[in-house]
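Each value in this text was obtained by applying a stated rule to the coordinates, not by laboratory testing. If you're wondering where the values come from, they're calculated on a predicted model, not measured in any experiment. Cβ: placed from backbone, ideal geometry, glycine included. Neighbour counts: every protein chain shown.
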Amino acid sequence: MKHMISILGSTGSIGRQSLDVIRKLRFGVSALAADSNVNLMEKQIREFVPEIAILRNEKAAAELRVRVFDTKTTVYGGENALIEAAAVGSAGTVITAVVGTAGLKPTLAAIDAKKRIALANKETLVCAGHIVMSRAAEKGAEIIAVDSEHSAIFQCLMAGRKGELKRILLTASGGPFRGKKRKELADITKEQALRHPNWSMGAKITIDSATMMNKGLEFIEAMHLFGARPEQIKGLVHPQSVIHSMVEFRDNSVMAQLGVPDMRIPIELALTYPERHDAVAPELDLTKLGALTFEEPDEDVFTCLKLARELAGRHDVSCAVMNAANEAAVSLFLEDRIGFLDIYELIKSAVDKFGGSAAGSLEDILDADTEARKFVFGRV
């Protein structure tokens with residue numbers, strides 16, 4: 001039977017790379033979902049002929065519906081339509097690559113439908129990891145991370161047994177501002193922050209890499225995915241982005257996963273596990289690597305990383321508030337309405353104001369998310 005995939009966020013960076021993998025593997029597409037990119041979505045529909053296509057923007061969905069009337073694809077619009085894409089019956093795997101907390105409800109819908117979730121939306125676990133992982137265990141849904149770091153950890157853990165984990169060594173490129181002092185970041189422009197040295201990613205995640213908030217979010221995600229305590233996770237700056245993360249076991253053996261910096265590698269594994277198929281990405285030439293170096297992250301400079309690590313073990317809405325405030329602040333920075341260092345200041349203020357509330361339900365988390373966004377946007 002042909003493998004059928006739904007992609008939430010198909011017009012974004014991860015979505016486009018996922019379709020590269022699907023094309024190579026000759027898998028089928030059940031559903032495509034995105035925000036408002038009518039032109040690219042039309043091209044994707046005509047190539048992959050999904051059962052349904054969703055654009056969250058209702059006006060864009062109406063235009064798309066007219067453009068593809070001659071295909072077999074049914075077009076829906078609106079936020080709630082994402083849930084239908086996540087639970088469509090013909091798909092065995094759902095790639096969740098929408099940005100931010102918009103991926104939370106669709107991920108839960110995919111879990112309830114007992115899909116395999118190829119998780120490329122780290123905010124889902126940052127905000128509601130305890131709810132998502134317990135629901136997945138209850139429903140028997142499988143979650144395999146698409147982040148290169150978490151895919152690496154997943155692979156390294158195959159070398160040991162449950163209970164033998166000592167530490168997760170979570171690597172980071174250091175972003176475009178590695179080695180700079182905090183005062184040097186005061187006048188950083190949007191264009192400078194978007195020049196990542198190793199990876200090609202969307203704008204939001206690229207800014208998160210520049211602030212190293214991305215690594216803070218991954219720290220929290222790793223806790224939930226692998227059942228690790230905060231003290232079992234250590235961040236390491238690895239500028240070459242060849243070792244994607246490591247695992248240290250109780251006997252002090254360290255397992256590392258290496259590969260070229262290409263997101264198609266973890267995407268492919270998430271779709272084919274427990275099998276490995278022929279590569280979509282280029283092979284790694286070890287003779288051309290040169291030195292592989294490691295250093296401690298400078299948390300006095302990258303204060304977003306420090307904040308995320310400090311909040312990771314809390315059982316309230318702090319992580320959800322931090323994530324929402326970060327999304328709002330990054331959008332303001334990308335609109336040239338705040339400075340680079342203002343991102344942290346706005347996040348910290350939001351956490352101080354809203355972070356102490358209980359996180360007993362999904363509604364608690366979503367309410368905190370809304371309040372944090374209003375707070376940040378209201379400060380500008």
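Tabulated data
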quantity	calculated
Estimated [θ] at 222 nm from DSSP helical runs (n ≥ 4, -39500 (n - 2.57)) normalised by residues in the chain, nearest 500	-13500 deg cm²/dmol
Spatial separation of Cα centroids for segment 119-169 and segment 173-250, in angstrom	18
28 Å Cα-Cα reach of Lys374 towards lysines, excluding residues that sit fewer than 8 places from it in its own chain	Lys59, Lys105, Lys122, Lys190, Lys204, Lys215, Lys306, Lys348, Lys353
Hz values of 3J(HN,Hα) by residue in segment 373-380 - Karplus curve (6.51, -1.76, 1.60), Gly and Pro given as x	5, 4, 4, 5, 5, x, 8, 10
Segment 27-42 residues near the modelled Val49 label - backbone nitrogen below 16 Å, point 7 Å along Cα→Cβ	27-32
Cα-centre dipole for segment 1-92 with unit charges at Cβ (Lys and Arg positive, Asp and Glu negative), debye to 20	360
Computed magnitude of the charge dipole of the chain (debye, nearest 20; Cβ of K, R +1, Cβ of D, E -1)	480
Contour minus Cα-Cα distance for Glu283 and Met158 (0.36 nm per residue)	42.8 nm
Size of electric dipole in segment 174-297: Cβ of Lys, Arg +1 and of Asp, Glu -1, about Cα centre, debye, nearest 20	540
Amide H partners (placed H, <5 Å) of Leu236, local residues excluded	Leu170, Thr171, Ala172
Top positive-direction residue, dipole computed over the chain with Cβ charges, set Gly92, Leu119, Ala33	Gly92
By average C-beta atoms within 10 angstrom, highest first, the peptides 99-110, 218-229, 294-305, 176-187	99-110, 218-229, 294-305, 176-187
Residues whose placed amide H lies under 5 Å from that of Ala145, excluding near-sequence neighbours	Leu119
Nearest-0.05 FRET efficiency for Val260 and Arg379, computed from C-beta distance (R0 45 Å)	0.65
Cα gyration tensor shape for segment 246-380, rounded if a/c is under 1.5, else prolate or oblate	prolate
Inter-label distance for Asp187 and Ser90, nm, one decimal - labels placed 7 Å from Cα along Cα-to-Cβ	5.7
Hydrodynamic radius by Kirkwood, which averages 1/r over all alpha carbon pairs of segment 4-146, in angstrom	14.7
Alpha carbon convex hull of the chain, projected area averaged over orientations, nm²	18.6
Arg26 paired with Ser361, simple spin-label distance in nm, labels 7 Å along Cα-to-beta-carbon	5.0
Modelled FRET efficiency - R0 56 Å, Gln232 with Ala62, Cβ distances, 0.05 increments	0.65
Rounded, prolate or oblate (a/c below 1.5 giving rounded, otherwise prolate when a/b exceeds b/c) for segment 42-99 by Cα gyration tensor	oblate
Kirkwood hydrodynamic radius over Cα pairs of segment 314-380, then Stokes diffusion coefficient at 4 °C and 1.567 mPa s, in µm²/s	112
